[in-house]
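Undergrad: Below you'll find the structure I mean.
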Amino acid sequence: MITIRPIPAFNDNYIWHLQQNGEHWVVDPGDAAPVMRALQGERLSGILLTHHHFDHTGGVPALTRTFDCPVYGPATIEGVTHPLTDGADVNLMGNPCTVMAVPGHTLDHIAVLMEDGRERYLFCGDTLFAGGCGRLFEGSPGQMHESLARLAALPPHTRVYCTHEYTLANLAFALAVEPDNQQLVERKRAAAALRERDEPTLPSTIALERATNPFLRTDQPSVRARAHQQGAPDTADAVEIFATLRQWKDVF
């Protein structure tokens, strides 16, 4: 059975630490120092990267100098030894994984779905957040909407491992969109209680995101109505609704 733990980094990043059968992997190590502390003298077996932003890749040079381990990720990132492309099937720590291109936050962004028996683990970087989604630094609203739709179509029990503790801020926005969503109200209460104890709000699940994340709910009448209030035309399609929500969130 795989063990997945968060390694806090910077102000709000999580570097995911995967352990199984004596192997240690990390996902998006923006800083090497907390990884070294978490390893407690164990050897790092490999690194997985989702996109090129420095807070996700900055620790790679120091870690590979120390451990000479493989680096899996987009071919655009310097230091990647095993480039990953959309639809590729790879094996990490003895677990089958599927690579998904999810452009929007960046053009090179990927997500990796790992299977461990009946369990599913999604490492999605800055594309899908708990209660939200990443900013559009490089991609278009259409690209991001399509990327999120691909992730939303995964099995409901899939655990979502994004890489920032943005949940409370995201849920505050989500409640501005859907104040009458009772599952969202309860999620906000539960997340606030976790943060009061200095505990992570992650992982999430695809089922929970479908029920409470406005960026996955652009087909819902309540979400569409709020988007229209924010300027989306009456004839807006799902991408236009998404774009309106994302622009609103940028200034929320």
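Undergrad: Rolling a 1.4 angstrom probe over the protein heavy atoms, how many square angstrom per residue are accessible across the chain?
TA: Value for the chain: 44 Å² per residue.
Undergrad: Considering only DSSP beta bridges whose two residues both sit in the chain, what percent are antiparallel, to the nearest 5?
TA: Antiparallel bridges make up about 75 percent of those DSSP assigns within the chain.
Undergrad: Less than 14 Å Cβ to Cβ from Pro200, Lys/Arg counted +1 and Asp/Glu -1: what total charge do the surrounding residues give?
TA: Spelling it out: positives minus negatives among the neighbours equals -1.
Undergrad: Here's a follow-up. Which net charge results when you count Lys and Arg as +1 and Asp and Glu as -1 among the other residues whose beta-carbon is under 12 Å from that of Cys162?
TA: -4
Undergrad: Under a 10 Å cutoff between Cα atoms, tell me which one of Pro29, Pro70, Pro221 has the largest fluctuation in the Gaussian network model of the chain.
TA: In this elastic network of the chain, the residue with the biggest mean-square fluctuation among Pro29, Pro70, Pro221 is Pro221.
Undergrad: For the range 1-89, what is the convex hull volume of the alpha-carbon atoms per residue, in Å³?
TA: 100 Å³
Undergrad: Turning to a different aspect of this structure: So what's the range 153-237 giving for Cα Rg divided by 2.2 N^0.38 Å, two decimals?
TA: Rg over 2.2 N^0.38 Å, computed on Cα atoms: 1.16.
Undergrad: Here is a follow-up. Could you size up the charge dipole of the chain around its Cα centre, putting +1 on the beta carbon of Lys and Arg and -1 on that of Asp and Glu, and report it in debye to the nearest 20?
TA: Using only the charged Cβ atoms, the result is roughly 500 debye.
Undergrad: Let me ask something additional. Taking θ = phi - 60°, what integer Hz values does the Karplus form 6.51 cos²θ - 1.76 cosθ + 1.60 yield along the range 180-197, in sequence order, with x for Gly and Pro?
TA: 9, 7, 5, 5, 5, 4, 5, 4, 4, 4, 5, 5, 4, 5, 4, 5, 4, 8
Undergrad: Moving on to the next point. Given only helices, namely DSSP H runs of n ≥ 4 each adding -39500 (n - 2.57), what is the per-residue ellipticity at 222 nm of the chain, to the nearest 500 deg cm²/dmol?
TA: After summing the helix terms and dividing by the residues of the chain, the value is -10000 deg cm²/dmol.
Undergrad: Related question: In the range 1-74, what percent of the accessible surface is made up of carbon and sulfur (1.4 Å probe, ligands and nucleic acids excluded)?
TA: 47 percent
Undergrad: Grab the other residues whose beta carbon is less than 13 angstrom from that of Gly104, score K and R as +1, D and E as -1, and report the net.
TA: Net local charge, Gly104 excluded: -1.
Undergrad: Would you mind getting me the FRET efficiency between Glu42 and His228? Use the beta-carbon distance for r and R0 = 45 Å, nearest 0.05.
TA: E between Glu42 and His228, to the nearest 0.05, is 0.25.
Undergrad: Farthest toward the dipole's positive end in the chain, which of Gly79, Gly58, Val26, given Cβ charges of +1 (Lys, Arg) and -1 (Asp, Glu) about the Cα centre?
TA: Val26
Undergrad: Additional query: Taking N as the number of residues in the range 48-166, what value does Rg over Cα atoms divided by 2.2 N^0.38 Å take?
TA: 1.03
Undergrad: For the chain, what relative contact order do you get, as a whole percent, if you take Cα pairs closer than 8 Å and at least 6 residues apart?
TA: 13 percent
Undergrad: Please list, short to long, the whole-number percent of alpha-carbon pairs of the range 48-115 in consecutive 5 angstrom bins beginning at zero.
TA: Histogram of Cα-Cα distances, whole percents per bin: 4, 18, 27, 25, 17, 8, 0.
Undergrad: Taking only C-alpha pairs under 8 Å that are 6+ residues apart, what is the relative contact order of the range 69-129 in percent?
TA: In percent, rounded to a whole number, it is 22.
Undergrad: Right, another one. Could you give the C-alpha radius of gyration of the chain expressed as a fraction of 2.2 N^0.38 Å, taking N as the number of residues it contains?
TA: 1.00
Undergrad: Have a look at Gly79, Gly58, Gly94 and tell me which one the Gaussian network model of the chain (Cα, springs below 10 Å) gives the largest fluctuation.
TA: Between Gly79, Gly58, Gly94, it is Gly94 that shows the largest mean-square fluctuation.
Undergrad: Which of Phe129, Phe67, Phe242 moves the most in a Gaussian network model of the chain with Cα springs under 10 Å?
TA: Phe67
The values are calculated or read from the model by the stated rules, or taken from the named source; none is laboratory data. Everything numeric here is computed off the predicted structure, so don't read it as measured data. Note: ideal-geometry Cβ built from the backbone for every residue, glycine included; neighbour counts use all protein chains shown. Please note that ligands, DNA and RNA were not included when accessible areas were found on the heavy atoms of the full protein model with its side chains. Shrake-Rupley method; radii C 1.70, N 1.55, O 1.52, S 1.80 Å.
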